[in-house]
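K.L.:
A single structure is presented below for examination.
The values are calculated or read from the model by the stated rules, or taken from the named source; none is laboratory data. Please read all numbers here as calculations on a predicted model, not as lab measurements. No Cβ is skipped: glycine too gets one built from the backbone with ideal geometry, and neighbour counts run over all protein chains shown. The accessibility values were calculated without ligands, DNA or RNA, using every heavy atom of the protein model including side chains. Shrake-Rupley method; radii C 1.70, N 1.55, O 1.52, S 1.80 Å.
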Amino acid sequence: MDHDRVPDDAAVIERSRHEPEAFAELFHRHFDEIHRYVARRLGPDAADDVAADTFLAAFRRRERFDPARGAVRPWLYGIATNLVGTHRRAERRHLRALARTPADRAAPGPEDRVAAQVSAAGVGGELAAALRRLSPGDRDVLLLVALGDLSYDEVAAALDLKNGTVASRLNRARRKLRAALGGTDPMMITEESHA
């Protein structure tokens, strides 16, 4: 994904205000990335609907998009994250089920993909339980960084937060996960790479 297309994305939204069919260009540019993020959060069954709903909501809100507040990509992730929030009960059920499943017998699922992205080998069930115990806000920040590969600035724009809030939530989430995993740092990211 070429994230240098930000000015083009904003121009497409502007154009789509008068030519609604132009919005399809944003859909084609970003759908796969948003779909992957949602699939990792909710599983493949919900991903098609939630990703599609993300673009439907973005299309309906395109008149209110303000490029001065941020780029299109984090705006789309923010919409997707809000929609994921409506599916949190299902996400928590998935995480609870994985936490009860021994790591060596775990069936592949969305939590396994989360674990593969953000954990050291062999802590999948423990990681899922620790993720479930995070506050929704901390979990959203952590997973936008880990699964969406968003920078602090992009997470701040996606969730309408200040950069300091993003940094503090990510730090708190990492600290809680590290403690839950007996000192193992499950994150493969450093704060410096996203500051």
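K.L.:
Given the criterion over 13 Å from the mean Cα position of the chain (by Cα) and either modelled with pLDDT of 90 or more or buried (at least 20 other Cβ atoms within 10 Å of the Cβ) (or both), identify the matching residue among Leu177, Leu150, Leu159, Leu143. I'd like the intermediate steps shown before the answer.
P.N.:
On the way: Leu150 fails: over 13 Å from the mean Cα position of the chain (by Cα); Leu159 fails: over 13 Å from the mean Cα position of the chain (by Cα); Leu143 fails: over 13 Å from the mean Cα position of the chain (by Cα).
After applying the criteria, what remains is Leu177.
K.L.:
Shifting gears a bit: In the stretch 13-41, which residues are touching a helix residue (DSSP H, G or I) at 6+ places or on another chain (Cβ under 6 Å), open to solvent by 10 Å² or more (accessible area, probe 1.4 Å) and more than 15 Å from Phe59 (Cα to Cα)?
P.N.:
Correct list: His35, Ala39, Arg40.
K.L.:
Tell me which residues, restricted to the stretch 42-66, are open to solvent by 70 Å² or more (accessible area, probe 1.4 Å) and touching a helix residue (DSSP H, G or I) at 6+ places or on another chain (Cβ under 8 Å).
P.N.:
Pro44, Asp48, Asp53, Arg61
K.L.:
Can you give me the ranges of the helices (runs of 4 or more DSSP H) entirely in the stretch 67-127 with at least 1 residues that are farther than 16 Å from Arg139 by Cα, open to solvent by less than 40 Å² (accessible area, probe 1.4 Å) and at pLDDT 80 or above? Working first, answer last.
P.N.:
On the way: elements: 72-86, 88-100, 110-118.
The qualifying helices (runs of 4 or more DSSP H) are 72-86.
K.L.:
Let me ask something additional. Quick one: in the stretch 128-140, which of the residues that are at pLDDT 90 or above and crowded, with 17+ Cβ neighbours inside 10 Å is farthest from Gly182 (Cα to Cα)?
P.N.:
Residue satisfying both the conditions and the ranking: Asp140.
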